[in-house]
Structure formats: structure tokens, C-alpha cells
Amino acid sequence: MVKIKPGVLLGAGLGITGLVLIFLSRKAGAEPPPPPPDKANLYGKVTDVETVEGIDGVTVSLWDSFIDPDTGLPIPGPATTYTHDGGNYVFSNLEVGAYSRLEFTKDGYEPVTITAPVLVEGNNEVNIEMVVEGGPPPAEIIIVDASVDPTEVKVGEPVSIGVQLKNIGGSSGSHELVCEVDGVIFSQSVTLAPDETTWVNFTFIPDEAGTYQVTAEGLTLGTIIVTALPGRIGSFTLYAINFDSRATRWRTIYRDDTHQDNRYLYTWRSLASSFEIIDIDLDHCEIRVSQRKNGLIGATWYGPFSGIADGGDYVLDLVEGTLTQI
């Protein structure tokens, strides 16, 4: 894996002699002074995947067409530099923009070729680990199992997320696992020997209802369904004003996050008429009133209402849509 700053991450590249896995360098390069305005530096460090030590004498080639500062004419071929002082390299005062590829070669090591990053103004960092030629295969750490438990919770209840990693390569290596739950990021670094496995665990606590996807490294690990907590369950007595008492029948329905379409039939004939609404969420209550008159039915939802006092008496104004305690 390649570490590129700012903002670009590449996973693997093609070496000149075949496929070479490229690993995140565990040592950062020495950052150079910033370039002039509108220019870019490309720098980094090349280390041995096994010893984690910097490798001097690596030829680093950045491929594109370059402008000769003296003649102003394009120069074919790559810009080339070498690692020194513990594996560090730097290209200074480059043009901002896209380049074709970046190559790392040294006798005794597998060559590495990657797609070059798009250089932005300022310093850009690419760190590489190289594998000894003819040595054991590099580390390759992959996800082999995962668990999400439980998959259905209420707001505020914890969910345990586990990801099992295994090194199927031939060398020890490090890997940073990044797990995401709909925008919430969890990450942890692990170091595994060949054929070693480990579980990485996270805890997710949802703060609102909804359906959440758990993903890691392009894989969907599971789905979490989160429901709202029930509010204060209680009862209250309902009166009404501004209704047509000539209606032949009223049907009143109430609902909340816990109860859906709890039905009561009642005919309001006077302001003294009332009925009791029971077992309702006092912080989320909707009331539907429908009138059957002369064979026609009209219906309106009122609410949602919150902060209702348990056992209180309330008046529903069918014109203003307000619920007032009396």
C-alpha cells in the first residue's frame, strides 16, 4: 500500500517484473521546505518491508513531459532522483497537476510502479515499502469474517461490530482497518505475522432512528435497524371545540411511534362531550378526526403533539389545530 498526502491512496501497482503489492510505509519521509507559490514538491521515504529501515540508492522516476527551465522546451522521459539519508527522496518545484507514473528501482529489490498522484500546490508525500528480490511474498492482510450484533436496536443502545483480519501473505506487515457506519468512521492499526488472524472490535451507539450500513474496505458487513425509544406512555381526556354538531358521526383515530391507528368511535354532540385516550406516547401524539355528514366524509390529522400531561384534560380546536390543557 502507498501512503500519499494530500488526499490520494493507492492500493497496489504493477512492478516491471510482475505484480507487486505495495504497503503503507510505517515511517514518514522528511518534509522539505514548501515550494514557491503555484509549485509542488513530491517527497517521501522508501523502506524495506521486513526491516522497516530506509533504503538509500533507490532510483525514483516521475514520468511525464517536463519543461527545460533554460530553453522552455519539453524534455522527454522521466524526472529522476535518488533516495539518501535513510531512504528519503524529493522532487522540488514541480508543476501542479497530473503525472503518468512513479517508479522505484534498486538492485536486489522488486521494482515498484504506481500511478502518480495529482500534485497540488505545496508538499505532496508518497511513502513506499519495497520487497527484497526473491524473498518471501509480502504481507497481504484481508477481511475474512465480520459480525454485527445486535442488528436491531433502539436509539442509544450499543452495537458491537467485529472484523476479523488475516495475513495471507508471506511476511509480517501492518494494516489500518477503516470501518464506516453511515459516515461515522472507526479505525485501528494491526500488525500480523504470516497466517496470523485477529479480531478488531468497535462499538457504535446510534443517536437517531434509521437504517445504517456497516462497511469496511468496500465490503458491506451488515445492516443496523434503529428504532426510536418510546416516549412517556399515558392517558388524557379529549374535548373538542369548533366542530359541526350536526354531523351524523365522528371517527377519532390517534397514533404515535408505538401505536399505529388506535381506533375510537365517538360522536361529539356538545362541548361537554369527551372521551379518554389511553396508552399513548405523550410526547408524540397525532389525532385524526373524520366527519360523516350527508353521506360525505372529511378527515384531518392534528399534531403531532408533545408535552401532554398524563391524566390531563385537553381541548382540541378543530379550526386552529391546537391542543390546549384545561
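The values are calculated or read from the model by the stated rules, or taken from the named source; none is laboratory data. Source: prediction; values computed, not measured. Every residue, glycine as well, gets a Cβ built from its backbone with ideal geometry; the counts of neighbours run over all protein chains shown.
Quick notes on this structure:
- Within region 178-229, restricting attention to residues that are among the aliphatic types (A, V, I, L, M) and free of Cβ contacts under 8 Å to residues at least 24 places away in the same chain, the residue that is surrounded by the fewest Cβ atoms within 10 Å (Cβ to Cβ) is Ile185.
- The residues on offer are Thr51, Thr71, and the sole one that is under 30 Å from Thr197 (Cα atoms), without any contact (Cβ under 8 Å) to a residue 12 or more places away in the chain and either part of a loop (DSSP other than H, G, I, E, B) or touching a Cys at 6+ places or on another chain (Cβ under 6 Å) (or both) is Thr51.
- Any hit, region 12-21, residues being at pLDDT 50 or above and assigned by TED's automatic domain parsing to the domain that holds Arg101: no
- Residues that are at pLDDT 90 or above and of a type in the set (A, V, I, L, M), drawn from region 61-78: Leu62
- The residues in region 71-113 that are of a type in the set (A, V, I, L, M, F, W, C) and closer than 11 Å to Val60 by Cβ can be counted, and the count is 6.
- Within region 270-310, tally of residues that are polar (S, T, N, Q), at pLDDT below 85 and under 20 Å from Pro230 (Cβ atoms): 0
- Total residues in region 86-110 satisfying the condition of being in contact with a strand residue (DSSP E or B) (Cβ under 7 Å, 6 or more places away or on another chain), modelled with pLDDT under 95 and part of a loop (DSSP other than H, G, I, E, B): the figure is 6.
- Taking first residues from region 115-140 that are within 17 Å of Leu62 (Cβ to Cβ) and assigned by TED's automatic domain parsing to the domain that holds Ser100 and partners that are among the acidic types (Asp, Glu) and buried (at least 24 other Cβ atoms within 10 Å of the Cβ), no Cβ contact under 9 Å between residues at least 6 apart in sequence or on separate chains turns up.
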